[in-house]
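**Q** Sending over a structure as structure tokens; questions will come in a sec.
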Amino acid sequence: MTMSEAWEPWLPTLQDIEKRKSEDPYGPYGSIGWDALEVPDEAVHVKDRMPKLKQLFDERYGFRMINQETLPRWQIGLQRRFDELVNVYERAYILYEKYSDELIDDAASGELREWEREYSSEESSEGTTSKVDTPDSVINKSGDYADSRQSSTGGGSSSGSDKVTERKISTGDSLIDSVNASIYRWKDIDIAFVSEFENNFLNMFW
């Protein structure tokens, strides 16, 4: 009996498990590890990400020892933890995919402003000329600019007001702060998912 056999059973690291599994895929280690997890069919996004998640899982925990005395018990704990998380992260993948453009746009901070715009028309023998300006029209050199309009009609007169809502994008330091804040608030879902399995390993490194 060799020394390694004399000391078994033992608490292997994830790297030990993967090494023995590669040597004997159909042996006792073949049904152990990330790629042995059962993924629900409805968790489509998670299922597609499993190869990438395995790579991250193995890299993160490769040198960590499992937290159970036997491989089957450890795999049961790994599956149980996965089952607790799979629907949460399936939803996360869906939402980040659905709102990816909005998440990027949100980095440009701004504020919604609402103000009342007045309009009036003056009657002449040639018809009626009306002009509508926004509060910023003083800086516009052209009367055809988007917020300054003139039109002519065949007669009559009118006046009134309407409400306008616009989003003003912040620039300068406020834009930099908003972009940086958006970067740190954004979450890498793959990394977050894999990090949820810390308690399936001993916090010991050899």
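The values are calculated or read from the model by the stated rules, or taken from the named source; none is laboratory data. Every value quoted in this text rests on a predicted model; they were computed, and no experiment measured them. So basically every Cβ, Gly included, is an ideal-geometry build from the backbone, and we count neighbours across all protein chains shown.
**Q** Which residues, counting only those in the stretch 21-40, are closer than 23 Å to residue 80 by Cβ and of a type outside the set (A, V, I, L, M, F, W, C)?
**A** Passing the criteria: 21, 28, 29, 30, 31, 33, 35, 38, 40.
**Q** Could you go through the stretch 56-79 and let me know if any residue there is buried (at least 16 other Cβ atoms within 10 Å of the Cβ), part of a helix (DSSP H, G or I), assigned by TED's automatic domain parsing to the domain that holds residue 198 and over 34 Å from the mean Cα position of the chain (by Cα).
**A** yes
**Q** Of all residues in the stretch 7-38, which are among the polar types (S, T, N, Q) and not in a loop (DSSP other than H, G, I, E, B)?
**A** Just the residues of the stretch 7-38 that are among the polar types (S, T, N, Q), to begin with: 13, 15, 22, 31.
Once the filter is applied, which keeps residues that are among the polar types (S, T, N, Q) and not in a loop (DSSP other than H, G, I, E, B), the stretch 7-38 yields 13, 15, 22.
**Q** Same structure, new question: Being of a type in the set (Lys, Arg) and closer than 13 Å to residue 46 by Cα is the filter here, so list the residues in the stretch 85-102 that pass it.
**A** 91
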